[in-house]
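Before any comments, here is the structure.
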Amino acid sequence: MNCFPELTYSIYLDQELSADERHAVETHLAICPACRAQVERLSVENRLIAEALESGGEGLAAVPSKEGLGFPLAWVLPAMMGGIFALSWTVRWISSNFPVSANWFNPFNRTAILNFFLSVAFFLSAERQAIFHWFGLAVTSLAVGLIVAGGIYLLLRRWPLHFALLGAVMIFAGPGKPAYAIETRNSGQTVTVPPSETVADSLEAGAQYVEIAGRINGNLIAHGQKITISGIVTGDVITSSQTLDIEGTVQGNVFAWGQFVTVHGKVGQSVHVFAESLELANGGQVGGDVLAFCQTVNINGNVNGGVAVGAASVMLRGDVDHGVYASAGQVRVASSAHIGQNLVARVNRTRDFRLDPGAVVRGKTEVKLSGNRGSRFLTLHYYLWRAVELCAVWLTGLVLFWLFPSLFQGKLETSSDLLKAIGWGGVLLVVTPVAVITVALTLVGLPLAIMALMLWIIGLFLVKIFVAPVIGNRLMGTVPGAKKPFAVPLLLGLVVIFVAVALPYVGIWDSSLVTLTGFGLVLSAARQTWGRRRSLTP
Amino acid sequence: MDAPLESILRQAQAGDPEAFASLYRLFSRKVLGLCRHLLGTQEEAEDAASEVFLRAQKAMNSYRSEMPFPTWLYSIASHYCVDQLRRRGLEGRIFSGDQPVEWEPPSKEPSPLGEVLTTERRESVQGAVAALPERYRLPLTLRYYSDLTYDQIAETLQMPRSNVATLIFRGKKELRRILARAGEEGQS
């Protein structure tokens, strides 16, 4: 008689064969030692599985299922690599074919990104009120974004994360250029590049006096007491110095921190200054925009882009091709000035703004009065916007909870939990920007750094979502571990937080406390999830 | 606690909360374990186990002594967990509906698991079971953890009885493969 297949023996051992079948199997087993041995092994195996299930059911939680998207791995990997290559190629193509006029928005251009962020930082500080009001809407859009991102995540979460990360790295590495070589010159007294010399690479110079009379084919990064550029720098200039004089030509951007910044010569792209005074001298020229935070700003030369300044006093005598935005103690536009687009001045009183006869403003002139507007708590507008913001944050929280419930598992039951959360929150709060700056120093790392920074900034706004349910549950007396409602405690907690951070004087402390605790909670939740995954890997 | 199960069951059916609490004490660990095997995470398993006991309490009167009580309870639990899994929207590929599962020709494959069951070995078997795709893990768990029959498993997973036998057998083979691979990796 023929032997039965192994499947039949498996069914036989599970006592699921019909009486006839069982009889046939047993008859065969009586005469076939090989099959008897096989059945014996199968029976041991059944016992092993039962024992493993038995002890596993009471000990460890199961490892999350590692099923893929239902496709064989061998098939998906090449497809994914192909996709990454195609994406990388597309990015490179977009990057090189980006219209020049929209280059400030090109996400693959390092200078554009820096310009963009500096502009955002500027408007954030100058137009904080307006931006604050828009925040409610921004959070709502964020919620929509999260839903989309969450959908993608749900598709990908059964997929090993490192493929996605690898993809991201390849996308950014693809169009990346090799970093410039940098030459370094440091000296106590003077670093000079004489007129006859050409530095082939970027130059990093540190000395009391830095004088660039020759040519630098790259960027100039300099720090010292006085920096003078009378020659040519083909890349960007980044300086930190008491005095910066640009008499020659800078073909790229200027980023300057210091006391006095003067531009007599030519800057090909934009000028960003954080200093006591900025002067664009008569005859000086800026090819891009001027962004400045200074005590005094004098624009006597030509600006081909726009001007945005925050200063105590602003004087405009030269030509500005685009618009001018000045938030200042005093703004004066002299008769020789010529502004190609709108002029917006934010001053405290009407008399702080002066537009001399003869000055040309092609667009509209608008004077906004800032200053004493009465208490914000007295306006309906304020409460309306807070309500919108509250709803938006609440909805975002619900979506987050729905998508990533494990983010909310941070525990805050004892005061030591709280201290720990605050401590870790502080670490995360400090470590992230430091890491971002470190990573940003490498060309390839810059987009990653920017993504991390954006996540961090979004985090600053969103962390209250993680603290709120803890407060809400505490107030409602919900027992930890019980089947928890989420929406109501979240709303309750958010209301408490919104009131606490709006209080005069103590609000800022409440806000810091919430931020630190929230970051700590997220970190602890992440560590729990990560720790559990790791301890379970067989 | 020491009272025989039948009398506890009778009291519980009469609505005695103490008796039901005893049932909970007797079976909660096992039910929790089952839910954990089926659902994969501790949190979900805890939620599921409490829901299962709630349902069992409500349904106490419909319990008939022809079926052993544990089997009845585990089938409530497995129905609930399978529902949860279906709700996760994954059933499309876990349970391939009613299509018969095809028989694979035998090939050179690792032989059944070895006899010696050291602690280390048991842990690796546990890991391998947890790493099984759900289509195998579910029938294996229902069969060897909850001792359900093929018919009960077929009803819970809504598939033909013949598929249950095949899936259980294939699950074992997959388990052997995972362990063989882990063994190779461990040696190299």
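The values are calculated or read from the model by the stated rules, or taken from the named source; none is laboratory data. Since the model is a prediction, treat every value here as computed from it, not as a measurement. Methodologically, a virtual Cβ is constructed for each residue, glycine included, from the backbone with ideal geometry; neighbour enumeration extends over all protein chains shown.
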- Query: How about the stretch B:120-146: which of its residues are surrounded by fewer than 20 Cβ atoms within 10 Å (Cβ to Cβ) and within 9 Å of chain A (Cβ to nearest Cβ)?
  - Reply: B:R121, B:R122, B:E123, B:S124, B:P133
- Residues that are crowded, with 20+ Cβ neighbours inside 10 Å and touching a Gly at 6+ places or on another chain (Cβ under 7 Å): find the strands (runs of 3 or more DSSP E) completely inside the stretch A:246-328 holding 1 or more of those. A:254-263, A:271-280, A:290-299
- Which condition does A:D20 not pass, out of (1) part of a helix (DSSP H, G or I); (2) touching a Cys at 6+ places or on another chain (Cβ under 7 Å), if it passes all the others? (2)
- Item | Matching residues, the stretch A:395-434, being over 19 Å from A:L492 (Cβ atoms), small (G, A, S) and surrounded by 17 or more Cβ atoms within 10 Å (Cβ to Cβ) | A:A421, A:G425
- Which residues, taken from the stretch B:150-165, are surrounded by fewer than 24 Cβ atoms within 10 Å (Cβ to Cβ), within 9 Å of chain A (Cβ to nearest Cβ) and more than 19 Å from A:V44 (Cα to Cα)? B:Y150, B:D151, B:R161
- Flag if A:A421 is touching a helix residue (DSSP H, G or I) at 6+ places or on another chain (Cβ under 6 Å) and at pLDDT below 75: no
- Task: For A:G493, indicate whether it is in the same structural domain as A:L384 (by TED's automatic domain parsing), in contact with a helix residue (DSSP H, G or I) (Cβ under 9 Å, 6 or more places away or on another chain), at pLDDT 75 or above and crowded, with 20+ Cβ neighbours inside 10 Å.
- Result: yes
- Which ones in the stretch A:403-426 are assigned to a helix (DSSP H, G or I) and touching a residue at least 24 places away in the same chain (Cβ under 8 Å)? A:L403, A:S406, A:L407, A:F408, A:L418, A:K420, A:A421, A:I422, A:G423, A:W424, A:G425, A:G426
- Going through the stretch A:1-59 one residue at a time, which ones are surrounded by 14 or more Cβ atoms within 10 Å (Cβ to Cβ), under 19 Å from B:S124 (Cβ atoms) and of a type in the set (G, A, S)? A:A50, A:A52, A:S55, A:G56, A:G57
- Task: Look at A:R332 and say whether it is surrounded by fewer than 22 Cβ atoms within 10 Å (Cβ to Cβ) and in contact with a strand residue (DSSP E or B) (Cβ under 7 Å, 6 or more places away or on another chain).
- Result: yes
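So that you can scan it fast, the table gives a plain yes or no per residue for (1) surrounded by 18 or more Cβ atoms within 10 Å (Cβ to Cβ); (2) at pLDDT below 85; (3) outside the structural domain of B:A130 (by TED's automatic domain parsing); (4) more than 19 Å from B:S146 (Cβ to Cβ):
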{"position": "B:F27", "(1), (2), (3), (4)": "yes, no, yes, no"}
{"position": "B:L39", "(1), (2), (3), (4)": "yes, yes, yes, no"}
{"position": "B:V52", "(1), (2), (3), (4)": "yes, no, yes, no"}
{"position": "B:N61", "(1), (2), (3), (4)": "no, yes, yes, yes"}
{"position": "B:S65", "(1), (2), (3), (4)": "no, yes, yes, no"}
{"position": "B:Y74", "(1), (2), (3), (4)": "yes, no, yes, no"}
{"position": "B:H79", "(1), (2), (3), (4)": "no, no, yes, no"}
{"position": "B:Q84", "(1), (2), (3), (4)": "no, yes, yes, no"}
{"position": "B:R88", "(1), (2), (3), (4)": "no, yes, yes, yes"}
- How many residues does the stretch B:3-51 hold that are among the small types (G, A, S), out of contact with any helix residue (DSSP H, G or I) (no Cβ under 6 Å at 6 or more places or on another chain) and either closer than 30 Å to B:A131 by Cβ or facing another protein chain (nearest Cβ under 9 Å) (or both)? 3
